[in-house]
Amino acid sequence: MNKQLKIAFIWDFSVEPLQLYGWADGLNAALKVLAQKYGHTVKVIPSDNPNEIYEQIENFMPDIILAWGSIDRPSFAGLKQFNKPVESSTTAIRFPAGCHLADRFH
């Protein structure tokens, strides 16, 4: 049995609650697959305030951090302090060939 991971998904932008509630693209679907099919806990952290993001990461204590978009977003430089694998969501979540993100960290 594979380990169930805690995955922090950093949405490093100012996001309105209605925007988050209505989020229904392919990336959202991929995160739901990680949670529903594989049993991982996914926490979406939407904020453009790096300190708020870091505080939520400290409280959640994830096994891996996924960052929305490019790794040059303002808060991403400080993610290394958590000593966790950090991946850009645009390159990390790949479902072809039956492999998913969590397989890379077991």
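The values are calculated or read from the model by the stated rules, or taken from the named source; none is laboratory data. These figures come from a predicted structure and were not determined experimentally. Cβ placement follows ideal geometry from the backbone for every residue including glycine, while neighbour counts extend to all protein chains displayed.
Any residue in segment 12-20 that is without any contact (Cβ under 8 Å) to a residue 24 or more places away in the chain, outside any loop (DSSP other than H, G, I, E, B) and of a type in the set (A, V, I, L, M)?
Going through segment 12-20, the residues without any contact (Cβ under 8 Å) to a residue 24 or more places away in the chain turn out to be 16-19.
Next, only the ones that are outside any loop (DSSP other than H, G, I, E, B) stay: 17-19.
If we keep only those that are of a type in the set (A, V, I, L, M) as well, we get 18.
Yes: segment 12-20 contains one or more residues that are without any contact (Cβ under 8 Å) to a residue 24 or more places away in the chain, outside any loop (DSSP other than H, G, I, E, B) and of a type in the set (A, V, I, L, M).
If I go through segment 49-89 residue by residue, how many of them are at positive phi and touching a residue at least 24 places away in the same chain (Cβ under 8 Å)? Spell out how you get there, then give the answer.
Going residue by residue through segment 49-89, those that are at positive phi are 61, 69, 83.
If we keep only those that are touching a residue at least 24 places away in the same chain (Cβ under 8 Å) as well, we get 61, 69.
Looking only at that region, the number is 2.
Here is a check on your reading of the model: is Lys43 at pLDDT 85 or above, surrounded by 11 or more Cβ atoms within 10 Å (Cβ to Cβ), part of a loop (DSSP other than H, G, I, E, B) and basic (Lys, Arg)? Step through it out loud before you land on a result.
Values: at pLDDT 85 or above: yes; surrounded by 11 or more Cβ atoms within 10 Å (Cβ to Cβ): yes; part of a loop (DSSP other than H, G, I, E, B): no; basic (Lys, Arg): yes.
No; evaluated as a whole, the condition is false for this residue.
Would you say Ser89 is buried (at least 16 other Cβ atoms within 10 Å of the Cβ), among the polar types (S, T, N, Q), touching an Asp or Glu at 6+ places or on another chain (Cβ under 8 Å) and at pLDDT below 90? Give the derivation first.
Details: buried (at least 16 other Cβ atoms within 10 Å of the Cβ): yes; among the polar types (S, T, N, Q): yes; touching an Asp or Glu at 6+ places or on another chain (Cβ under 8 Å): no; at pLDDT below 90: yes.
When the stated conditions are applied, Ser89 does not pass them.
Output the number of the condition that Phe60 fails; it satisfies all remaining conditions of (1) modelled with pLDDT of 95 or more; (2) surrounded by 18 or more Cβ atoms within 10 Å (Cβ to Cβ).
Failing condition for Phe60: (2).
Which count do you get for residues in segment 63-79 that are surrounded by 13 or more Cβ atoms within 10 Å (Cβ to Cβ), in a helix (DSSP H, G or I) and of a type in the set (Gly, Ala, Ser)? Quick ask: steps written out before the conclusion?
Restricting attention to segment 63-79, the residues satisfying the condition of being surrounded by 13 or more Cβ atoms within 10 Å (Cβ to Cβ) are 63-69, 71, 73, 75-76, 78-79.
If we keep only those that are in a helix (DSSP H, G or I) as well, we get 76, 78-79.
Filter once more, so that each one left must be of a type in the set (Gly, Ala, Ser): 78.
Number satisfying all stated conditions: 1.
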